[in-house]
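The values are calculated or read from the model by the stated rules, or taken from the named source; none is laboratory data. Everything quoted here is computed from the prediction, not taken from an experiment. Positions of Cβ are generated from backbone atoms using ideal geometry, with glycine treated the same way; all protein chains shown enter the neighbour counts.
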Amino acid sequence: MAGVSTRSLYIEPGAVPWLPARCQAVDVSALLRELILAAVEMEPFHPEHSRDAAVAALVLHELRNLTPLPLEVPLPSHPQLRHLCEAFLQKPTIHDPPARWCAALNISERTLARLFRRGTGLSFSQWRRRACILHSLEHLTAGMPVTRIAALLGYDNPAAYTAAFGKLLGRPLTAYRSRRS
């Protein structure tokens, strides 16, 4: 993402055993954002009943309620399928048919479905939709009109794109755009 800043918190793994083993994007509430901004200014060691201890405890409490966001497009390890996926990511279109992929790989649609599910954890259509929506984020943050983004990705109309966006990210496009702009 362009125009973002990050902060890092270093937390003992034993204090957050519920966190997943791998990195993932999450939806950060306004409260957690402010707590993180306060926490990065704190000394690493602080008195047990101090303000800093309370902030640290509240950060841990808020971390329990994080909602993962589907902001990842997993790539399969199968070399030829991975090559097609990488090419698709350069110029995604929502109507790219699985038959084209099958012909390129010389496999059946059932085999393609199995390869996608095994390699990405998603169906072909789920993966394609996610790739398109995530590709659109760069255009949204650059201020490109929704109508133009929808056309660029091959959606039949802006409403179809907006609905797919909301379904994937759990919020309407307008809420996402205004929060992230």
Answer with yes or no whether residue 104 is outside any loop (DSSP other than H, G, I, E, B), in contact (Cβ under 8 Å) with a residue 12 or more places away in the chain, more than 29 Å from residue 173 (Cβ to Cβ) and of a type in the set (A, V, I, L, M). yes
Has region 147-155 got any residue that is more than 27 Å from residue 76 (Cβ to Cβ), in contact with a Pro (Cβ under 6 Å, 6 or more places away or on another chain) and modelled with pLDDT of 95 or more? yes
Okay, helices (runs of 4 or more DSSP H) sitting entirely in region 108-174 with 1 or more residues that are hydrophobic (A, V, I, L, M, F, W, C) and touching a residue at least 60 places away in the same chain (Cβ under 8 Å), I get 124-141, 158-169
